[in-house]
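Take a look at the structure below.
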Amino acid sequence: MSLKKRLKAAGIIAIAAAAVFGIARSGLNISEKQEETVFTGGKETLYLWYTDETLTSYLTGAAVAYNEDHDVRIVPVLQPALEYLEGINQASLESNTPDLYILGHDSLEKAYLAGLASEVEFPGDGSMEEAYLKTGLQAATYKDKVIGYPFYFETSGLLYNRTYLEDMAKSQLEAEADLAEGEAAQAQVEETSSVSDTGQSGEGSAESDGEAEGEAGTEGIEEERFTEEQIEARIKEILPATIKDIETFADEYDAPEQVEGVFKWDVTDIFYNYFFVGNTLNMGGEAGWNTSQIDIYNLETIESLRVYQELNQFFSIDTSEIDYEAILDEFMAGKTVFTIATTDAVFKLEDAKSDGLMAYDYGIALVPDIDEGKPSRSLSMTSCVVVNGYSANKEAANDFARFLTTQYSDILYARGGKVSAAKNVEYGYDALAMFAAEYEKSISMPKMIETSNFWVQLEVLFSEVWNGADANEKLKKLSEQIMEQVTGEAYEEEYIKEPELEVEEAEYTEEGFEEE
């Protein structure tokens with residue numbers, strides 16, 4: 001089903017939720033009279049706060065669907081993002097509301113320490129492990145307690161022009177098939193010549209007949225020469241598995257005239273860069289809360305940053321002119337073959353195809369590794385449904401949170417543009433399923449309050465390294481800054497000597513002695 005058809009089908013529920021929509025957009029100004037107009041009187045009321053307006057249609061639809069089968073009424077309330085947690089804290093102290101709210105997982109520690117998040121109690125049969133993707137559960141965990149229901153996620157993947165790769169796959173298969181046929185024909189000629197030398201006749205007729213049969217056999221079936229399975233298998237072989245593979249692809253690719261660059265991505269945004277160091281940095285462990293598990297300055301991360309730096313010379317991306325939206329526009333115009341994109345790209349690409357504004361097919365693959373034996377790991381963010389520690393309706397809040405995040409997930413992307421963190425979701429697009437696969441191997445942004453500025457500082461570091469700064473020195477300085485924040489004391493890292501530098505230094509010393 002196309003995206004527009006899915007939206008049309010989902011719109012039927014939106015009509016039923018129209019009255020609730022007005023309440024959701026009205027912020028705190030919800031009167032009892034308004035509530036009674038929408039809901040049946042006498043029901044227990046739960047207030048759900050959120051800040052992303054794109055979720056309004058989805059949440060109001062979920063509220064209507066849940067209200068039909070439960071003796072509870074759900075009131076979604078759109079709130080300003082500025083000082084969101086502070087607003088929740090103030091309202092909780094004054095009126096024990098909201099009962100639930102949607103929050104990025106990186107703020108869970110702050111919410112928990114303020115008493116605004118309580119350990120969730122998964123209602124009914126099953127378990128959290130069976131219901132949610134592992135990365136989502138880790139993101140929602142603080143000090144080994146799950147304090148939120150994983151709702152939806154964001155991560156990055158390798159976006160590629162499938163049309164270009166399909167054409168390349170067919171060309172390779174054609175060339176290989178032609179070569180094989182040529183070698184077979186040559187072998188037949190040599191065999192015929194050998195028979196002719198023995199005095200036998202008729203070879204000319206046989207050769208002529210063979211040529212006629214070959215011509216008749218291939219006429220009009222060029223497009224069906226290879227099966228879809230063969231083409232798909234070759235595309236998978238062509239897809240770069242490492243950064244080195246992308247460089248090799250760029251060197252060997254016979255690009256169409258409209259292609260201006262093989263690989264281009266937003267190098268100014270840490271979310272699209274983090275996969276270079278995601279597998280070598282450790283910021284609080286897998287769940288991102290343990291301050292005793294921090295390792296920023298190490299040889300593997302330095303080496304990964306040097307690979308990143310070298311790409312500037314290879315692809316020459318100007319940071320002053322780069323922009324994620326502009327890169328997507330260039331991709332849709334067929335000007336680039338590969339880029340790093342987030343889940344929002346699927347919406348934009350599908351709409352462009354439906355409107356006839358994009359003439360190419362596309363695909364999503366896992367982000368490439370740094371090199372063979374040096375895996376990459378992208379960054380991910382998980383938004384969670386949190387049960388307020390001050391709520392007087394925790395049992396009902398837990399039940400609705402489970403419903404919202406596991407039983408009303410199939411239309412989440414169509415209605416809200418978000419990708420569910422639940423298991424066994426029919427996303428509707430292969431691209432979203434690949435994003436989910438990337439999410440499962442990603443590393444969640446940590447939730448430690450002491451390191452809240454790490455991402456801004458790391459983004460600055462990437463920018464400086466991209467423009468030629470020494471990766472070793474910059475990483476050492478960043479690690480010392482973060483560790484000082486965590487320990488509360490001055491911190492100095494022991495300088496790491498890189499193997500390549502040691503070899504160069506030894507050769508220079510040897511040459512110096514020879515000169516003397």
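General observations
- In Å, descending, principal axis extents of the Cα set of region 72-137: 35, 30, 20
- Tensor-based shape of region 450-504 (alpha-carbon gyration tensor, a/c under 1.5 rounded, otherwise prolate or oblate): oblate
- Taking each of LYS244/LYS476; LYS43/LYS143; LYS244/LYS497; LYS170/LYS423; LYS143/LYS244; LYS447/LYS476 in turn, the alpha-carbon distance tops 28 angstrom for LYS43/LYS143; LYS170/LYS423; LYS143/LYS244.
- Between region 63-120 and region 341-411, the alpha-carbon center distance in angstrom: 21 Å
- In terms of packing, defined here as the mean over residues of other Cβ atoms within 10 angstrom, the peptides 308-319, 268-279 line up highest first as 268-279, 308-319.
- Here is the size of region 88-179 from its Cα atoms: Rg then Dmax, 23.2, 79 Å.
- Extended-chain gain in nm, criterion 0.36 nm per residue less alpha-carbon gap, LYS477 and LYS335: 47.3 nm
- For region 48-100, alpha-carbon Rg over 2.2 N^0.38 Å: 1.22
- Global form of region 404-507, assessed from the alpha-carbon gyration tensor, a/c cut-off 1.5: prolate
- Most to least packed among 157-165, 227-235, 429-437 [average Cβ atoms within 10 Å]: 157-165, 429-437, 227-235
- Those lysines that a straight Cα-Cα span of less than 24 Å connects to LYS348, excepting residues fewer than 8 apart in one chain: LYS4, LYS5, LYS8, LYS264, LYS335, LYS418
- Difference of contour (0.36 nm per residue) and Cα-Cα distance, GLU494 to ALA184: 105.1 nm
- As a calculated quantity, the FRET efficiency between ALA175 and GLU228 at R0 = 22 Å, using C-beta atoms, amounts to about 0.70.
- Rg and Dmax of region 318-385, Cα atoms only, in Å: 14.5, 42
- With N counted as the residues of region 277-354, its alpha-carbon radius of gyration over 2.2 N^0.38 Å works out to 1.50.
- Oblate is the label for region 221-264, because a/c, from the alpha-carbon gyration tensor with a ≥ b ≥ c as root eigenvalues, is 1.5 or above and a/b does not exceed b/c.
- Computed over region 230-317, the Cα gyration tensor eigenvalues convert (square root of 5λ each) into semi-axes of 32, 16, 12 Å, ordered from largest to smallest.
- With R₀ fixed at 25 Å, the C-beta to C-beta distance from ALA359 to GLU321 puts the FRET efficiency at about 0.50.
- Scaled to the globular estimate 2.2 N^0.38 Å, the Cα spread of region 341-466, given as radius of gyration, is 1.33.
- Pairwise Cα inverse-distance average, inverted: Kirkwood Rh of region 265-395 (Å): 17.6 Å
Read-outs: derived from the displayed coordinates by stated rules, not from any lab. What you see is a predicted model; the values in this text were computed from it and never measured. All Cβ positions, glycine included, derive from the backbone under ideal geometry; neighbour counts span all protein chains shown.
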